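What follows is a single structure, written as structure tokens, with notes after it.
A short reminder: the numbers here are calculations on the coordinates, not readings from a lab. Quick caveat: nothing in here was measured; it's all calculated off a predicted structure. We place every Cβ from the backbone using ideal geometry, glycine too, and count neighbours over all the protein chains shown.
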Amino acid sequence: MPEKTIRSEIEVKKTTSEITFKNKLDHFLARWGWRRSSHLVEPGIYAVGDPGADSPVLVTANYTLSFDALRSALAGTDAYILVLDTKGINVWCAAGKGTFGTDELVSRIEQTGLADVVETRKLTLPQLGASGVSGYKVKERSGFKVEFGPIRAEDVPEYLRLGKATDEMRRMRFPLKDRVVLIPVELVNATIPVAAGTLAMMLLDGTTGGIGMAASSIAGLVLFPIKLPYLPGREFSLKGFVLGGLTALPFAVFAFLKGNGGPGRRALHALSYMLIFPSTTSFLALNFTGSTPIASKSGVEDEIYKWIPVMAWTAGAGATIAIGLGIDRLRRSEKTWRR
């Protein structure tokens, strides 16, 4: 826990730039979705190094990964960190939800007595928080000017040295390592639904159907973030349908060539796969819009309204075909048994 100190009868918590084993363990558990609401720090003012009245004030969320990323980047820098109460949600997602927002920022300035701690009247916020904060309203209500700094915490020291954010600092980068770390929490969140869907498909369609459902789920949860930049289209749902279609194709071909019954029955069997599996992959891919910094709030809302009905109708049609084939298979088995 950070050491607490008192400045001018106002609580300023003392922290460091060191990331301990306990911090790393917390990060690991957060990435795996363990006790999701527990990975947070207390809102308030934190001092890094030995800041004074003219030291910069940087604003962040009270999600441990956000807070730790910022403080670790400030090694050798004297600064204050103003932590907002975002309910343990990262800056970008909290800005979309409104918890990293104008009201919370103004309220936190007042509650902490920040104006009595620093003489400077400038706050540096992460660029990804811009969608939730109105700078001119903050200025009107608190007297503090808002500036949006770099996207990444690692660029903050250079930003402070230059006094501005360069074009490179404002360029959104989403490399493979940043995409891969999103996989564990999505796997954990989807475990029960995926297991239930796989079991249902296996009971309805047999081993091939169960394996196909598992494969389409893995495609949406694991392959999608890895292949995200290389899949065609801009919308996550469309990208998911493309990946899901590629994943379903071998199962559909197998059902058509090796399945039971005549060509018509085998064609329907293959069609059910091509309807159910891509919809599954696409739905799981859509979930990543809430974890990535490259999707806008309005864009995500539009995508949900546009694609969720498509997924529902497509999966529903495929399930209807699969159920019909399953009932027909049972009837055939019953006739054979009676003979």
## Note on the structure
Volume per residue (Å³) of the convex hull spanned by the alpha carbons of segment 177-338 is 105
### Query
Listing Lys258, Lys14 from the residue with the fewest other Cβ atoms within 10 Å to the one with the most, what is the order?
Lys258, Lys14
### Local net charge near Arg121, Cβ-Cβ under 10 Å (Lys/Arg +1, Asp/Glu -1)
+2
### Task
Nearest 5 is fine: what % of DSSP beta bridges in the chain come out antiparallel, could you say?
40
### Message
Suppose every Lys and Arg Cβ carries +1 and every Asp and Glu Cβ carries -1, with no other charges. What dipole size does the chain come out with about its Cα centre, to the nearest 20 debye?
### Response
1840
### Query
Which of rounded, prolate, oblate describes segment 3-173, given a ≥ b ≥ c as roots of the alpha-carbon gyration tensor eigenvalues and a/c under 1.5 marking rounded, otherwise prolate only if a/b is larger than b/c?
rounded
### Query
Packing-wise, with mean Cβ within 10 Å as the measure, how do 127-138, 25-36 rank, highest first?
127-138, 25-36
### Task
Report the label-to-label distance for Val181 and Ile323 in nanometres (one decimal), using points 7 Å from each Cα along the Cα→Cβ vector.
4.4
### Task
Starting with the fewest neighbours, write out Val300, Val253 ranked by other beta-carbon atoms found within 10 Å of each beta-carbon.
Val253, Val300
### Query
Can you pull the semi-axes for the chain, root of five times each eigenvalue of the Cα gyration tensor, sorted largest first, whole Å?
52, 18, 16
### Query
So how far apart, in nm, are the two label points at Val253 and Ser107 if each is 7 Å from Cα heading toward Cβ?
5.7
### Query
Taking neighbour Cβ counts within 10 Å as the exposure measure, how do Glu168, Glu186 sort from fewest upward?
Glu168, Glu186
### Message
Helix 263-286 against the longest principal axis of the chain: what's the angle in degrees, Cα atoms only, rounded to the nearest 10?
### Response
10
